[in-house]
Amino acid sequence: MNHRDDKQLETEIDRELKQLPEITAPGTLIGRVMRRIENPAFAPAPVSHGMRWRWTRRGALIASGASAALVLALALLLMAAEVGAIQAFAGRLQQSLSLFAVILNTAVVLTEAMIFAVKNLGVGVIAGGLMLLGVAYVTCIGAGMMMVRVAVVRR
Amino acid sequence: MTEAQHFEAFMKNYQNMVYGTALRLVANGAEAEDISQEVFLKAFERFDQLRDNPRAAGWLKTVATNLSLNHLSRYRSRWSFFSELFANREDDEDSGPEFEDPRVANVLEQRERSVCVEDALRRLPHGQRVPLVLYHIEGLSYEEIASKLGVSLGKVKTDIFRGRTTLKKKLQLIPGLEEQLS
């Protein structure tokens, strides 16, 4: 199509579309908006003054807060050292680490079980299982999509 | 008059414009109404600035356009795979002549011309309808459309050309319109 035809097409379509009348909004629109506005639970999102601060001011606030927390933590640590609470803390830390060791051992056992399964079941079975999982996921998304479209149409 | 009554009067002035903008972009009445509601809720948050402001119409139109485009991009990015699987055949630009059925043609002869044009516009694929509406109805330039849609200038021109061609084909099939479109 040459340039003149393009121009003619543009002119024709422009004429058709510019002649379109204003579309009438549904009668339910105003009611919907007014119900939202007049609902006591509705409040226009308040703009927190803090959120308007520039990043420099926010950074300064965060830095000063972090510094104050660090100073407080050091002070508490010094106080704890004087009354011998560090020994008690070390005891609690040792207990936490032993719990961590249990968790680590459990993870090692599970990993060994997976390796055992892969070696004995074969890659084909594992791949088939993963494919089934993938199909199930896609089916769920598709079903969800259908439900949304049906709900929109019904509304 | 209370604030709510003022705002209701404000809405009555602009609801058709806002809804029409959204509908022509998203081509779905329910979604257009949702978008229009969001536009007016945002307008209510700024009603002090918009009330009696000559720029209110432009602001509303811009917000309606942006929310519609956001809706389209969200919809397409999440569901485009499945929506293409379940796509209505009428959205296909290459679908066969839709008005050859004489019963349909008889009904269409009685419909207003504008309704037919709106219907044909709505049946265009998203990728053609949106830039076409932004150019011819919203009056944006090619560059502005490219910026809003986040695509190249060349793509905008190509999509608009394809949209015009497809729309012309659809309109030529409508009795009474074919002689007006060469």
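Given B:Lys42/B:Lys155; B:Lys61/B:Lys155; A:Lys18/B:Lys12; A:Lys18/B:Lys61; B:Lys12/B:Lys168, which pairs have Cα atoms separated by over 26 Å?
Working: B:Lys42/B:Lys155 32 Å; B:Lys61/B:Lys155 24 Å; A:Lys18/B:Lys12 23 Å; A:Lys18/B:Lys61 16 Å; B:Lys12/B:Lys168 34 Å.
With Cα atoms farther than 26 Å apart: B:Lys42/B:Lys155; B:Lys12/B:Lys168.
Using the Karplus curve 6.51 cos²θ - 1.76 cosθ + 1.60 with θ = phi - 60°, what ³J(HN,Hα) values do you get for each residue of region B:142-156, in whole Hz, with x for Gly and Pro?
4, 5, 5, 5, 4, 5, 5, 8, x, 10, 6, 4, x, 5, 4
For the pair A:Ala63 and A:Glu22, what calculated FRET efficiency results from E = 1/(1 + (r/R0)^6), where r is the Cβ-Cβ distance and R0 = 56 Å, to the nearest 0.05?
Numbers: r = 55 Å, r/R0 = 0.99.
E between A:Glu22 and A:Ala63, to the nearest 0.05, is 0.50.
Apply the Karplus parameterisation 6.51 cos²θ - 1.76 cosθ + 1.60, with θ equal to phi minus 60°, to every residue of region B:30-36 and state each ³J(HN,Hα) to the nearest whole Hz, in sequence, with x for glycine and proline.
5, 5, 5, 5, 4, 5, 4
If one computes the Cα centroid of region B:3-37 and of region B:118-165, what distance in Å separates the two points?
What the calculation gives is 22 Å, centre to centre.
What list do you get for A:Cys140, B:Cys116 if you sort them by fewest beta carbons within 10 Å? It would help to have the intermediate numbers written out before the result.
Numbers: A:Cys140 10, B:Cys116 21.
The fewest-first ordering by Cβ neighbours comes to A:Cys140, B:Cys116.
State, to one decimal in nm, how far the label point of A:Thr56 lies from the label point of A:Leu97, with both points 7 Å from Cα in the Cβ direction.
My value for the distance between the label points is 4.7 nm.
Read-outs: derived from the displayed coordinates by stated rules, not from any lab. Fair warning: this is a prediction, and the values are worked out from it, not measured in the lab. When we count neighbours, we look across all protein chains shown, and the Cβ atoms used for this are built from the backbone with ideal geometry, even at glycine.
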